[in-house]
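What follows is one structure encoded as structure tokens, with my remarks underneath.
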Amino acid sequence: MSKDSKEFDLVIFGASGLTGRYAIEELARSVVKFPDIKWAVAGRNAEKLREALVIVQEYLSDETDIRGTQMILADSQDPTSIYKMCQRTKLLLNCVGPYNLCGGEMIASTCVECKTHSIDISAEIKYLDTVLANYFEQARNNGVYIIEACGFGSLPADYGITLLMKKFSGGLNSVEYFAEFGEGPSGKPIGCGTYLSIVDSLVDYLKPAKFEKEVEEKVFKKMPNKLKQPNSKYDDFRDLSMTYSYKERSWCVKYFGPDERSIKRSQMIRASYLNSEEYIEVQGYLKFPSLYEALRHFFVIIFSIFMSLFSVGRILMKKYPYFFSAGLFSKEGPSRQQIMESFTKVTFYADGWEKKVSDSEKQVGKPDKKIKLTITGPEVGYVLTTMCMVQAALTVLHDSDKMPFKGGVYTPGVAFENTRLQDRLEKRGMTFTFEDI
């Protein structure tokens, strides 16, 4: 079935969950001015889908009426239902995680087979690399875009560095970035879905794995300059550190998540397929308002890594997330008020070269240009994540002619490099501020 003959432009899969509801809200607000876009919601339970539409309708008030939105019954445990769903839409927003446990690879494979574009918000490196390794060429051949990690992990960091690359005519040398998750008076416990993804992914960060070798052998033909592959691709994960940043005047913990993986993958894709050999040194940090909060998160990270080494530890962490995360995660999830009071801020400090040298030469002098980029947005786990996801999806639908090749499995930084994604995000309330420093 061709994309043009499909019934829907977009389908939100997993729409009845908390993340799915915020995806519905973001999409509904975004397509008000585009009534020609046809979309539907999908999930296992029709009653829960109806309930989700009713809840979101209250948030939308009279802005638009979504109560008649079409529903599709699909279950990640039923491949036939996934196939039928993918056959009906041009693009799938997959909100069902953890992706390693909830059929993420099968769904990506079905999208490729049905010639359906897919956007996910996974932060699970095993899933991300497995899909990249197994479906990169098939997606390219089928003209399908599978864009991974389009939530907070890793669109702001990866895409932010892509925007910075354009500011340095002579090349970008290095970037240090700081992520801050602010909360309001009501606090900000994070939902259990995010916690489950983290618990299931920790082991993958701790040791070299088969999926790492596969993606390098199957996808990458060339490495960017200066990129030296260590014996263990995630040795940095063992370099647990807490530090004080004089730039940000805050205590920070080294950020261990999918961002640096996605940034490195972007550089490797550019080197292999887009004739770019630029290698950028990157280091990310989580920024905290006090030494107490930094220490609290630091010790939760250390303890969680230790517990994840044992199967019984992972079971206990999943059963009692609030206790084992020192109150950072909750099965109940955040309230609407907590979410609306919260904010996200990511600050990048980049250095590079002002002037370009000839293609036959390499930069040998010290970097002579510095730029600060500040990205701000709403609450990180649900609002900002679904904002990034939905705007990425609309970009695929409307700006595919500005995306690399005619399909493939890509990171956000590569996929959206030449698109209008920044404009779309700014219209929804995010800000991108560049300063010479």
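When a/c reaches 1.5 or more, the comparison of a/b and b/c decides; with that in mind, is segment 1-90 rounded, prolate or oblate per its Cα gyration tensor? List each step's numbers first, then the result.
Working: a/c = 2.45, a/b = 1.25, b/c = 1.95.
It is oblate, given that a/c is not under 1.5 and a/b is not larger than b/c.
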Problem - Using θ = phi - 60° and Karplus 6.51 cos²θ - 1.76 cosθ + 1.60, couplings along segment 259-265 (whole Hz; Gly, Pro as x) - result: 4, 5, 4, 5, 5, 5, 4
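Give the value in nm², to one decimal: projected area of the alpha carbon convex hull of segment 100-224, averaged over all directions. Can you show the working numbers first?
On the way: hull surface 42.0 nm².
That works out to 10.5 nm².
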Problem - Cut-off under 5 Å, modelled amide H: who pairs with Ile146 long-range - result: Ser118, Gly408, Val409, Tyr410
Problem - Stretch gain in nm, segment Lys48-Gln70, where the contour uses 0.36 nm per residue and the Cα spacing is subtracted - result: 6.6 nm
Completion exercise
For the chain, dividing by residue count, accessible area per residue (probe 1.4 Å) in Å² works out to 44
Problem - Vicinal HN-Hα couplings computed from phi for segment 119-134 (Karplus, 6.51 cos²θ - 1.76 cosθ + 1.60; Hz; Gly/Pro x) - result: 10, 10, 10, 5, 10, 9, 5, 5, 4, 4, 6, 5, 5, 4, 5, 8
Practice task
Give the relative contact order (percent, whole number) for the chain; include only Cα pairs under 8 Å separated by 6+ residues.
Solution key: 21
Fill in the blank from the handout: Residues whose built amide H sits under 5 Å from the amide H of Gln70, excluding neighbours closer than 5 in sequence, are Val41
Practice task
Please report the relative contact order for segment 313-428, taking Cα pairs under 8 Å with a sequence separation of at least 6, and give it as a percent rounded to a whole number.
Solution key: 20
Problem - Length released on extending from Val357 to Glu293, taking residue separation times 0.36 nm less the Cα-Cα span - result: 18.5 nm
Problem - Phi-based couplings in Hz for segment 394-400 (Karplus 6.51, -1.76, 1.60; Gly and Pro marked x) - result: 5, 5, 4, 5, 9, 10, 4
Problem - Potential extension, Ser245-Asp62 segment - 0.36 nm per residue separation minus Cα distance - result: 61.3 nm
Completion exercise
The lysines whose Cα lies under 17 Å from the Cα of Lys402, excluding any fewer than 8 residues away in the same chain, are Lys166
Exercise for the section: Give the share of C-alpha pairs in each 20 angstrom bin for the chain, from 0 to the last occupied bin, in whole percents, shortest bins first. Expected result: 26, 61, 14, 0
Fill in the blank from the handout: A student asked for the Cα radius of gyration and Dmax of segment 270-311 in angstrom ought to give 17.8, 46
Handout entry: Packing-based ranking, highest mean first, of 171-181, 367-377 given that Cβ atoms within 10 Å are counted
Key = 171-181, 367-377
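The values are calculated or read from the model by the stated rules, or taken from the named source; none is laboratory data. Just so you know, these numbers come straight off a predicted model, no measurement behind them. All Cβ positions, even for glycine, are placed from backbone atoms using ideal geometry, and neighbour counts span all protein chains on display. Surface accessibility is based on the protein's heavy atoms, side chains included, excluding ligands, DNA and RNA. Shrake-Rupley method; radii C 1.70, N 1.55, O 1.52, S 1.80 Å.
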